[in-house]
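All remarks here apply to the structure that follows.
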Amino acid sequence: MDILSMNKAELKGIIVANKFEASKALLDEAFEIRKLYYGNKVYVRGLIEISNYCRNNCFYCGIRKGNGNVNRYRLTEDEILLCCKKGYELGLRTFVMQGGEDEFYDDDKMCRIISSIKDKYSDCAVTLSLGEKDKETYKRYKNAGADRYLLRHETASVKHYKKLHPREMSLENRKKCLYDLKELGFQVGAGFMVGSPFQTEENLAEDLLFLKELQPQMVGIGPFIPHCDTPFREYEAGALELTITMVALTRILLPKCLLPATTALGTISKNGREKGFMAGANVVMPNLSPTELRKDYALYNDKAYTGDEAVESIKNISEKIKRIGLEIDFSRGDNVDFVEN
Ligand code: 5AD
């Protein structure tokens, strides 16, 4: 089974065959390939959800602009730095600032925050997940010291993309952003939801082919989960097993990628995250946002923000990872192609 050289129809065939349960052969292959570059390590990132204001109206997302039921918040520079301090003391060496597309943080403000973090914590990586921006803005973020950028492509099919997003948004611009970020020297993360409304197995094969083309350093994959205040409230959540299959296939196609066992995966199933690790995932991103605000960053219903999703549970998380034969690692955990020596 040479997954690396498969075309769309062949990948679709593999996806269909492993739709209800990832085969042992597939899982074993993914598990072994992960070991090649990262051994048995699982890297930790502290996730800071800096703002739940968003100018976009994506049909699936709970913090879409059109949702009037969200208690909106944004963190100040001091609050963000306080999160970093807490994370640093817990041993974290990557901070991920994620937020809706909130114009309150203009380039000057954002760059000031990035450089403050890099000044204080020069041994840490800063990852941004702030959506679509001009190349010039990305460049300023990079010059201010940002190392990595997460921007899921969501779906690699133009037709499917249009069914998930309002007219103003396009897959073309999404892809342009990803290529701009790559060109500027960021470690780039793409990714998609599994089981989003109208998604076909062919779409998933297209997602894999797009990843193969883009060659991102990171890939975020999680099941779609409905949110009651969105147009997709009536749709079913994506399935655990299909998500695991997509994680395993991604690991096989991109042996060096950093692949989180996502919060959404941990939300749909009690041991979803462990299954993700067994399928080749090697990153975990516990929540480092101010505790009282975590509930307000609800992209989907029942989003886990306590227990193992919380940075306060890092010891538990670490124990669980040990029990499946892996080991939590607190270093920056750069992609192997980006390690300076
Ligand atoms: N279910 C699962 N994932 C979602 N995201 C947004 N809304 C949902 C949802 N309802 C994901 C998107 C986005 C990431 C931050 O969260 O893929 O890129």
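The values are calculated or read from the model by the stated rules, or taken from the named source; none is laboratory data. From a predicted model like this one, the values you see are computed outputs, not experimental measurements. Virtual Cβ from ideal backbone geometry, glycine too; neighbours counted across all protein chains shown. Ligands, DNA and RNA are excluded from the accessible area calculation, which covers all protein heavy atoms including side chains. Shrake-Rupley method; radii C 1.70, N 1.55, O 1.52, S 1.80 Å.
For the reader, a short list of remarks on this structure follows.
- Within the range 217-283, the GluC sites (Glu not before Pro) that combine a DSSP coil assignment with at most 15 other C-beta atoms in a 10 angstrom radius are GLU234, GLU236.
- For the chain, the carbon plus sulfur part of the accessible surface works out to 50%, probe radius 1.4 Å.
- Accessible surface of SER23, taken over heavy atoms with a 1.4 Å probe and every protein chain present, rounds to 40 Å².
- Among the listed pairs LYS12/LYS41; LYS86/LYS109; LYS142/LYS303, those beyond 28 Å (Cα-Cα): LYS12/LYS41; LYS142/LYS303
- Shown here for the range 39-114: trypsin sites (Lys or Arg not before Pro) in loop regions (DSSP other than H, G, I, E, B) with at most 15 other Cβ atoms within 10 Å, namely ARG55, ARG72.
- Relative contact order %, the range 281-341, counting alpha carbon pairs below 8 Å whose residues are six or more apart: 25
- Taking 0.36 nm per residue of sequence separation and removing the Cα-Cα distance, the LEU209/ARG72 pair yields an extension gain of 45.6 nm.
- The range 54-187 - percent relative contact order, Cα under 8 Å, separation 6 or more: 24
- Rg and Dmax of the range 190-264, based on Cα coordinates, read 12.5, 38 Å.
- Spin-label model, THR137/PHE20: points 7 Å from Cα along the beta carbon direction are separated by 4.6 nm.
- The chain, relative contact order [Cα under 8 Å, separation at least 6], %: 26
- Nearest-10 value in Å² for the accessible area of HIS165, using the 1.4 Å probe: 10
- Net length available on complete extension from LYS270 to LYS109 is 54.1 nm, with 0.36 nm assigned per residue and the Cα-Cα distance removed.
- Flagged links, alpha-carbon separation over 18 Å, of LYS212/LYS275; LYS35/LYS256; LYS162/LYS212: LYS212/LYS275; LYS162/LYS212
- Counting only protein chain heavy atoms and rolling a 1.4 Å probe, the accessible areas of THR200, THR263 rank, largest first, as THR200, THR263.
- The heavy atoms of MET6 offer some 30 square angstrom of accessible surface to a 1.4 angstrom probe.
- Ranking GLU29, GLU312 from most to least accessible surface, computed with a 1.4 Å probe over the protein chains only, gives GLU312, GLU29.
- Multiplying the residue separation of GLU89 and GLU234 by 0.36 nm and subtracting their alpha-carbon distance yields 48.0 nm.
- Solvent exposure of the chain as accessible area per residue, Å², 1.4 Å probe: 42
- Sparsely packed trypsin sites (Lys or Arg not before Pro) within the range 184-255, loop by DSSP, other Cβ within 10 Å at most 13: ARG233
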